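The block underneath contains the structure these notes are about, expressed in structure tokens.
The values are calculated or read from the model by the stated rules, or taken from the named source; none is laboratory data. No experiment lies behind these values; they were computed from the predicted model shown. Note: ideal-geometry Cβ built from the backbone for every residue, glycine included; neighbour counts use all protein chains shown.
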Amino acid sequence: MQQQATSNPNTANTLLPAIPEKRYFAIGEVSDLCQVKPHVLRYWEQEFPQLKPVKRRGNRRYYKYHDVEIVRQIRSLLYEEGFTIGGARKQLKEQTRATPESSSAQKLAEIRAEIEALIADFTV
């Protein structure tokens with residue numbers, strides 16, 4: 001399994017597991033992949049507008065691959081680089097603003113992939 005090296009305030013060299021190629025992740029899976037507790041993820045959803053998991057059946061949260069990457073980015077900003085919540089929010093906003101066309105293209109590619117997957121599910 002491929003792993004990414006990051007640091008944690010408690011441990012000097014913690015490794016985060018690689019993100020599997022899946023369409024959706026439950027909050028517990030994201031918690032394990034990012035080494036952040038579920039209540040922290042729910043709090044971050046309120047604080048960071050970029051983090052918007054899909055909510056389905058009974059208000060259950062399903063995170064996309066891109067959401068998991070954002071969670072890891074937020075975790076890095078807060079725990080490794082020492083940003084405050086407000087500072088991390090501002091940093092993410094600036095990073096998003098710096099690459100608007102690539103993020104739009106990425107969103108379109110994600111939507112297209114989801115539509116193609118849905119069509120494939122219905123044709124089978």
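What to note about this one:
- Complete set of residues in the stretch 105-124 that are among the polar types (S, T, N, Q) and touching a residue at least 60 places away in the same chain (Cβ under 8 Å): none
- Each residue in the stretch 15-35 was checked for being of a type in the set (Asp, Glu) and touching a strand residue (DSSP E or B) at 6+ places or on another chain (Cβ under 9 Å), and 2 pass.
- Qualifying residue in the stretch 50-64 (condition: surrounded by 10 or more Cβ atoms within 10 Å (Cβ to Cβ) and in a helix (DSSP H, G or I)): no
- Any hit, the stretch 49-61, residues being among the β-branched types (Val, Ile, Thr) and out of contact with any strand residue (DSSP E or B) (no Cβ under 6 Å at 6 or more places or on another chain): no
- Total residues in the stretch 19-37, condition closer than 25 Å to Lys90 by Cβ, of a type in the set (Val, Ile, Thr) and outside any helix (DSSP H, G or I): 1
- The stretch 5-18 - residue that is touching a helix residue (DSSP H, G or I) at 6+ places or on another chain (Cβ under 8 Å) and either at pLDDT 90 or above or hydroxyl-bearing (Ser, Thr, Tyr) (or both) and, of those, surrounded by the most Cβ atoms within 10 Å (Cβ to Cβ): Thr6
Every residue, every condition in (1) surrounded by 10 or more Cβ atoms within 10 Å (Cβ to Cβ); (2) in a loop (DSSP other than H, G, I, E, B), yes or no:
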position: His39; (1), (2): yes, no
position: Gln46; (1), (2): no, no
position: Leu78; (1), (2): yes, no
position: Gly82; (1), (2): yes, yes
position: Arg97; (1), (2): no, no
position: Gln106; (1), (2): yes, no
position: Ala109; (1), (2): yes, no
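- Selection of the stretch 50-66 for residues being in contact (Cβ under 8 Å) with a residue 12 or more places away in the chain and either under 19 Å from Ala18 (Cα atoms) or not charged (D, E, K, R) (or both) yields Gln50, Leu51, Pro53, Val54, Tyr62, Tyr63, Lys64, Tyr65, His66.
- Against the test of being at pLDDT below 90 and closer than 24 Å to Ala18 by Cα, the options Glu81, Glu69, Glu110 yield a single qualifying residue, Glu110.
- Here Lys22 fulfils each of the conditions (1) at pLDDT 90 or above; (2) in contact with an Asp or Glu (Cβ under 9 Å, 6 or more places away or on another chain) apart from (1).
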